[in-house]
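Only the coordinates and a few stated rules stand behind these numbers; no lab work does. Note that the structure is predicted; figures quoted are calculated from it, not measured. Backbone-built Cβ (ideal geometry, glycine too); neighbour counts: all protein chains shown.
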């Protein structure tokens, strides 16, 4: 029996796809291993969102080859979709797949075992149908990632992902519900709805909100989390419907990218800072316990000191639980690559450090609001003497206990701020 190791790089969508790849090999009788040693087949699911991601993908490819020169190496994902010729020139990969055809990787391996020929299966036309990656096992034992769509139609000026993933293709709602029903019966309590642009999900007359209402009715589902959403989703009626969902966890990752209207326009983000602030206010009004997380890019072309101050200002106004701060990464093939006013790396570094300080202050203020409050926590793993999990609004909770609370939802009270979250006690 051949031993297969699947290495995932990148986002939650990649994680879902890596889990599906693992499952496809298990169904064929391969032994899927969780350790890196003594492997016959390495599958590397790559990422290309930034130049750093590209570098990590290349480093992992080289590392695998150095670790086991005789192993079969399969490269797939976003980096290989954009850079398949570069991977060929490295002369390391035996099989190259992009962001289509991942449901056939086990077939490609068997063809390689029979013929011994290296092949590049990357397709140029990736805007066809949604590629089903069905599986009956999730490799995370407490929460299941559920992919509902692929691709993005936004074409933000800095982003390479629409070129790697294609335009939006939505998964059939019946397929999504069937997968959730199967996993809920297997004991999964939390389901994370993910995709490249889930805001644009549409299956005939079923949009994202209608899909969430359907998921809310599935027996055994106790928690539902949303992946990243766009501000355009948050119309008054939509927020009201979200607030009525029994199992939706009140944590919203609402992409911002910049607090400056000038920079947002250059980014092709299609909303203003005023729109964003209004939408966060709607969330807090309808669901007061909500946590909002976001992404902000610093050092985008033509971002001056005043633009950067506007990003700081919005962090102070909104009171985020977490701001993921990124330095602008110049990507060939995007409109922003050729923009005038590129920012020096030293300036990007300084701005990132400053914004990190403000986001940490925002996080501290947010968490402190909930000291003394009661929560339900889904506990995931024990480290040292504490079992760790997350509240409904995604504050990390630590409970000192000798009990095994894995995959249990326990009612607790927040005692004090602790590490990166809160120390809790059972009620």
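Taking only the C-alpha atoms, wrap a convex hull around segment 373-426 and report its volume per residue in Å³ as a whole number.
Normalising the Cα hull of segment 373-426 by residue number yields 66 Å³.
Counting only C-alpha contacts under 8 Å and six or more residues apart, can you give the relative contact order of segment 1-142 as a whole percent? Kindly include the intermediate steps, with their values, before the conclusion.
On the way: 229 pairs, mean separation 32.0, N = 142.
Computed over segment 1-142, the figure is 23 percent.
On alpha carbon coordinates alone, what is the Rg over Rh value for segment 71-165, Rh being the Kirkwood radius?
Ratio of gyration radius to Kirkwood radius: 1.00.
On the principal axes of its Cα set, how long, how wide and how thick is segment 154-258? Give whole Å, largest value first.
Between the extreme Cα coordinates on each principal axis of segment 154-258 lie 42, 29, 25 Å.
What relative contact order, as a whole-number percentage, does segment 143-369 give when Cα pairs under 8 Å and 6 or more residues apart are counted?
That works out to 18 percent.
Between residue 88 and residue 270, what FRET efficiency follows from the Cβ-Cβ distance if R0 is 30 Å, with the result rounded to 0.05?
Values: r = 37 Å, r/R0 = 1.23.
It comes to 0.20.
Over all pairs of distinct alpha carbons, what does the Kirkwood formula give as the hydrodynamic radius of segment 293-427, in Å? Write out the running numbers ahead of the final one.
Values: mean 1/r = 0.0589 Å⁻¹.
Here the Kirkwood hydrodynamic radius works out to 17.0 Å.
Give me the Å³ per residue figure for the convex hull around the C-alpha atoms of the chain.
Value for the chain: 153 Å³ per residue.
Arranged by the count of other C-beta atoms within 10 angstrom, fewest first, what order do 388, 110, 213 take?
Details: 388 18, 110 11, 213 15.
Ranked by crowding around the Cβ, least crowded first: 110, 213, 388.
If contacts are Cα pairs under 8 angstrom and at least 6 residues apart, what is the relative contact order of the chain in percent?
Contact order relative to length: 10 percent.
Counting only DSSP beta bridges with both residues in segment 143-369, what percent are antiparallel, rounded to the nearest 5?
Roughly 15 percent of the beta bridges in segment 143-369 run antiparallel, per DSSP.
Give me 150, 174, 203 sorted ascending by neighbouring Cβ count inside 10 Å, so fewest comes first. List each step's numbers first, then the result.
Numbers: 150 25, 174 11, 203 19.
Going from sparsest to densest Cβ surroundings: 174, 203, 150.
Once you have the alpha carbon radius of gyration of segment 210-278, what is it after dividing by 2.2 N^0.38 Å, with N set to its residue count?
Cα Rg divided by the expected 2.2 N^0.38 Å: 1.33.
If you find the alpha carbon centre of segment 17-34 and of segment 65-112, how far apart are they in angstrom?
If you average the Cα positions of each part, the centres end up 16 Å apart.
If each residue of separation counts as 0.36 nm, what is the full-extension length gain between residue 52 and residue 114 once their alpha-carbon separation is subtracted?
Numbers: separation 62, 0.36 × 62 = 22.32 nm, distance 3.63 nm.
Gain in length upon complete extension: 18.7 nm.
What's the exposure ranking of 196, 427, going from fewest to most Cβ atoms within 10 Å?
427, 196
What are the semi-axes of the equivalent ellipsoid of segment 236-366, taken as the square roots of 5 times the eigenvalues of the Cα gyration tensor, listed largest first and rounded to whole Å?
28, 16, 12
Tell me the Kirkwood hydrodynamic radius of segment 94-238 in angstroms, computed as one over the mean inverse distance between distinct C-alpha pairs.
16.9
If you bin the C-alpha pair distances of segment 3-121 every 10 Å from 0, what whole percents do you get?
With a bin width of 10 Å, the distribution comes to 14, 52, 32, 2.
Dividing the Cα radius of gyration by the Kirkwood radius, what Rg/Rh value follows for segment 271-340?
Working: Rg = 14.4 Å, Rh = 13.8 Å.
Reported Rg/Rh (Cα atoms, Kirkwood Rh): 1.04.
Quick one: Cα convex hull volume of segment 143-369, Å³ per residue?
Working: hull volume 28.0 nm³, N = 227.
In segment 143-369, the Cα hull volume divided by residue count equals 123 Å³.
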